[in-house]
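Notes for the one structure printed next.
The values are calculated or read from the model by the stated rules, or taken from the named source; none is laboratory data. Note that this is a predicted model, so its numbers are computed, not measured. Cβ placement follows ideal geometry from the backbone for every residue including glycine, while neighbour counts extend to all protein chains displayed.
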Amino acid sequence: MSSSVQRKRIRKSPDERRAEIVEAATAIALTEGLECVTLRRIADELDVRPGLISHYFPSVEDLVAEAFGSAASAELDRLVPVDPAGATPTEQLAAFFGHTSGAAYDAISRLWINARHLSRYRDVLRDRVAEQEAAWRGRLEGVVRRGVEREEFRTPDPYVTTIQILVVLDGLGAHANTDTSNRPAAVTRMAVATAERELGLPSGALDARPATAPDAAPEPAAAPGSDPAAEPVPNPAAVPN
């Protein structure tokens with residue numbers, strides 16, 4: 001004798017449901033690409049009818065653009081937070097470069113490559129890409145201008161300097177789909193070196209250093225004759241310009 005248990009459906013508010021749809025679409029966009037964001041695919045992911053997805057996003061193009069915008073905005077907030085929590089512009093910029101490496105950043109770099117390619121054919125996505133590019137420029141330029149005002153940075157044109165930094169990062173990130181394990185350190189550090197040069201900083205000023213927790217125990221002294229491990233150099237990738 002077999003029995004079946006009917007799963008209880010949870011009624012969600014319109015805002016909650018829309019956020020759930022965008023979250024699922026964003027996850028698929030980051031892991032599989034924007035081409036895989038379809039109304040049916042998101043419906044299957046959430047175990048709902050496709051009609052529910054189309055109720056919130058009548059056009060799949062709107063959902064694709066929203067997924068990209070959500071991912072890009074979240075990464076911008078992580079890399080250049082609006083509230084730097086007391087960090088100086090130099091510290092904030094060093095942290096920015098320190099985060100532009102690793103698997104998570106490679107994923108967002110691939111998404112930008114994907115979005116820019118598809119935006120040639122999709123007007124809604126093209127507008128969202130332009131919107132996000134402006135947001136990234138504006139946020140980073142704000143850090144540069146704050147550094148100039150505090151006399152930490154020296155540049156005659158913060159906007160131009162911001163573009164120079166982003167263009168170099170963008171070029172490095174264009175290789176997110178290729179193996180860069182053999183990339184020379186001088187190339188890896190090009191974006192950081194560009195920022196230091198254009199902002200009048202000494203070499204190494206923007207190298208990210210791991211934060212030490214206030215309650216952390218001090219590191220033991222090196223044994224006589226030993227050579228302490230060298231600090232790793234960040235591996236920046238591209239960001240949108």
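On the basis of being farther than 24 Å from residue 66 by Cβ and either in contact (Cβ under 8 Å) with a residue 40 or more places away in the chain or not hydroxyl-bearing (Ser, Thr, Tyr) (or both), does residue 145 make the cut?
Against the criterion (farther than 24 Å from residue 66 by Cβ and either in contact (Cβ under 8 Å) with a residue 40 or more places away in the chain or not hydroxyl-bearing (Ser, Thr, Tyr) (or both)), residue 145 qualifies.
Kindly indicate whether residue 137 is modelled with pLDDT under 95 and either among the aliphatic types (A, V, I, L, M) or in a helix (DSSP H, G or I) (or both).
no
From the list 191, 186, exactly one residue is closer than 25 Å to residue 73 by Cβ, aliphatic (A, V, I, L, M) and modelled with pLDDT under 95. Which is it?
That would be 191, the only listed residue that is closer than 25 Å to residue 73 by Cβ, aliphatic (A, V, I, L, M) and modelled with pLDDT under 95.
What single numbered condition from (1) buried (at least 20 other Cβ atoms within 10 Å of the Cβ); (2) more than 30 Å from residue 140 (Cβ to Cβ) fails to hold for residue 60?
(1)
Of all the residues that make up segment 158-171, how many are surrounded by fewer than 17 Cβ atoms within 10 Å (Cβ to Cβ) and touching a residue at least 60 places away in the same chain (Cβ under 8 Å)?
So the answer is 3.
Check 73, 109, 54 and return the single one that is of a type outside the set (Asp, Glu), in contact (Cβ under 8 Å) with a residue 60 or more places away in the chain and surrounded by fewer than 19 Cβ atoms within 10 Å (Cβ to Cβ).
Answer to the selection: 73.
Of the numbered conditions (1) part of a loop (DSSP other than H, G, I, E, B); (2) loosely packed, with under 15 Cβ neighbours inside 10 Å; (3) free of Cβ contacts under 8 Å to residues at least 60 places away in the same chain; (4) of a type outside the set (Phe, Trp, Tyr), residue 155 satisfies every one except a single condition; which is it?
(2)
Say we look at segment 18-51 and pick out the residues that are assigned to a helix (DSSP H, G or I) and of a type in the set (Gly, Ala, Ser); which of these is surrounded by the fewest Cβ atoms within 10 Å (Cβ to Cβ)?
51
Go through segment 78-121 and report how many residues are part of a helix (DSSP H, G or I) and farther than 21 Å from residue 204 by Cα.
17
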